[in-house]
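The values are calculated or read from the model by the stated rules, or taken from the named source; none is laboratory data. All values reported here derive from a predicted model rather than from experimental measurement. Positions of Cβ are generated from backbone atoms using ideal geometry, with glycine treated the same way; all protein chains shown enter the neighbour counts.
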Amino acid sequence: MANPRLEQTEGIAQTFVMGGRDPVVRVDISRARLDAYRLSFAEIAEALREQNIDMNAGKLLEGERDYLVRTNGAFRSLDGVATAVVSERGGRVVRLQHLGQVSSGYRCEQNRVYIDGELPGGVRHAFISDTTEIIRNSLATMSGQAAAGAVLAVLVLFVFLRSVRSTLVVAVSIPASVLITLAVMYFAGFPLNLMTLAGLVLAVGLLVDSSIVILESIYRHRQRGTKLRTAAFMGTREMVGAITAATLTTVSVFLPLVMFRRQLELAGELFASLAFTVVISLLASLVVAAFLVPVLAARFFPLISTRQRPLRSRPARLNALVAAGFARLETACTRSHR
């Protein structure tokens, strides 16, 4: 049983109230009287069970109204239990009070809790078990996985982009998107828990998509000899519509979990925070790709094409090998589609 007043205290997520003794009606029956009336405990229990019941007695029609009739047969007091008829012997009615004494009491103890090796003398609160350490370890593990995912994403970007500056531009977009997401979560009232961290881990791989598209468009204009700021502006303008459509398509998959949280009941309560985190992360990555990436590519990490500054020695040979590999892969894919 939960305690709503305790759950309103800051730092307490859920409470369970256990312990205490349940009140019962105790019937002490004399064995000698039971033998004298030739009765058994099973017969007395069955007689009491048949009388201690509320049941539907049908309907009562009055004009255009229907009344449901219900009989109140359950015992309401100790006197009702004591005067209950349990049998009839020789024309005499045998009541429960003829067999023994009826009194109120408490159910027998089944468990007993010791705190610090002793039974508590009064009412006080104490920590018996603490699961926060497990939660902290889970959060630390999830945070580590998110960081590892971001590092692996950057390494993969470096392999495919083959440019330190391009990799830095995209790498900066990951923490920028995460910071925007955390700020929105804070003001929206979503805590940093396992579900929201899972949403961040899920979104880490998606955060760089829009930035890569914008960056490649800017780089293509730089390869044609376009000036740096002009290339940033034209490359962003060409692809902003495409990345917006792609981002909104993914957002539309997760958005219903947030919008229809109450209607989805348990599933909505479980996955609404995860879906909200993914939605905000994707929208934040769209904003970063449209506004931050062009600025980084044009000013802080200016993109320089291979035509403007050709590679030399080992980097040139490595770049040629990777380019040849991509060319062969493209040729193989084209032939397979034919």
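Of the residues 244, 230, 236, which is modelled with pLDDT of 85 or more, crowded, with 21+ Cβ neighbours inside 10 Å and assigned by TED's automatic domain parsing to the domain that holds residue 289? When all the criteria are applied, what remains is 236. Screening residue 253 against (1) without any contact (Cβ under 8 Å) to a residue 60 or more places away in the chain; (2) under 19 Å from the mean Cα position of the chain (by Cα); (3) in a loop (DSSP other than H, G, I, E, B) leaves a single unmet condition, (3). Cβ-Cβ distances below 9 Å connect the following pairs, each with a first residue in segment 190-214 that is assigned to a loop (DSSP other than H, G, I, E, B), a second residue that is surrounded by fewer than 20 Cβ atoms within 10 Å (Cβ to Cβ) and at pLDDT 80 or above, and a separation of six or more residues or different chains: 190/184; 192/182; 192/186.
Of all residues in segment 76-107, those that are touching a strand residue (DSSP E or B) at 6+ places or on another chain (Cβ under 9 Å) and either of a type in the set (Lys, Arg) or closer than 12 Å to residue 24 by Cβ (or both) total 9.
For segment 184-201, which residues satisfy the criterion of being hydrophobic (A, V, I, L, M, F, W, C) and under 15 Å from residue 142 (Cα atoms)?
Across segment 184-201, the qualifying residues are 192, 194, 195, 197, 198, 200, 201.
The requirement of being part of a helix (DSSP H, G or I), within 23 Å of residue 300 (Cα to Cα) and either modelled with pLDDT of 75 or more or in contact with a Phe, Trp or Tyr (Cβ under 6 Å, 6 or more places away or on another chain) (or both) is satisfied by residue 170. Within segment 218-227, is there a residue that is β-branched (Val, Ile, Thr), in a helix (DSSP H, G or I) and in contact (Cβ under 8 Å) with a residue 24 or more places away in the chain? Within segment 218-227, one or more residues are β-branched (Val, Ile, Thr), in a helix (DSSP H, G or I) and in contact (Cβ under 8 Å) with a residue 24 or more places away in the chain. In segment 163-176, the residues that are free of Cβ contacts under 8 Å to residues at least 40 places away in the same chain form Cβ pairs under 7 Å with partners that are of a type in the set (Phe, Trp, Tyr) and surrounded by fewer than 20 Cβ atoms within 10 Å (Cβ to Cβ), at six or more places apart or across chains, as follows: 167/158.
Listed here are the residues, each with its yes/no results for (1) modelled with pLDDT under 80; (2) closer than 30 Å to residue 213 by Cβ; (3) outside the structural domain of residue 41 (by TED's automatic domain parsing).
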site: 62; (1), (2), (3): no, no, no
site: 66; (1), (2), (3): no, no, no
site: 118; (1), (2), (3): yes, no, yes
site: 163; (1), (2), (3): yes, yes, yes
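I need the full set of residues from segment 178-189 which are touching a residue at least 40 places away in the same chain (Cβ under 8 Å) and of a type outside the set (A, V, I, L, M), in order please.
Taking segment 178-189 as the starting set, the residues that turn out to be touching a residue at least 40 places away in the same chain (Cβ under 8 Å) are 178, 180-181, 184-185, 188.
Listed by number, the list holds a single entry, 181.
Within segment 261-273, the residues that satisfy the criterion of being free of Cβ contacts under 8 Å to residues at least 24 places away in the same chain and surrounded by 13 or more Cβ atoms within 10 Å (Cβ to Cβ) are 261, 264, 268, 272. Within segment 237-295, the residues that satisfy the criterion of being touching a Gly at 6+ places or on another chain (Cβ under 9 Å) and among the charged types (D, E, K, R) are 261, 262. Filtered by the rule that a residue be surrounded by 11 or more Cβ atoms within 10 Å (Cβ to Cβ) and without any contact (Cβ under 8 Å) to a residue 40 or more places away in the chain, segment 78-97 gives 79, 80, 82, 83, 84, 85, 93, 95, 97. If I filter segment 39-50 for residues that are of a type outside the set (S, T, N, Q) and in contact (Cβ under 8 Å) with a residue 60 or more places away in the chain, do I get at least one hit? Taking every residue of segment 39-50 in turn, at least one turns out to be of a type outside the set (S, T, N, Q) and in contact (Cβ under 8 Å) with a residue 60 or more places away in the chain. Taking every residue in segment 129-149 that is touching a residue at least 24 places away in the same chain (Cβ under 8 Å) and pairing it with any residue that is of a type outside the set (Ser, Thr, Tyr) and not in a helix (DSSP H, G or I), at least 6 positions away or on another chain, yields no pair with a Cβ-Cβ distance below 6 Å. Within segment 274-297, the set of residues being crowded, with 22+ Cβ neighbours inside 10 Å and either farther than 14 Å from residue 206 by Cα or among the polar types (S, T, N, Q) (or both) comprises 274, 276, 277, 281, 285, 293, 294, 296, 297.
Apart from one condition, residue 214 fits all of (1) among the β-branched types (Val, Ile, Thr); (2) buried (at least 17 other Cβ atoms within 10 Å of the Cβ); (3) modelled with pLDDT under 85; the exception is (3).
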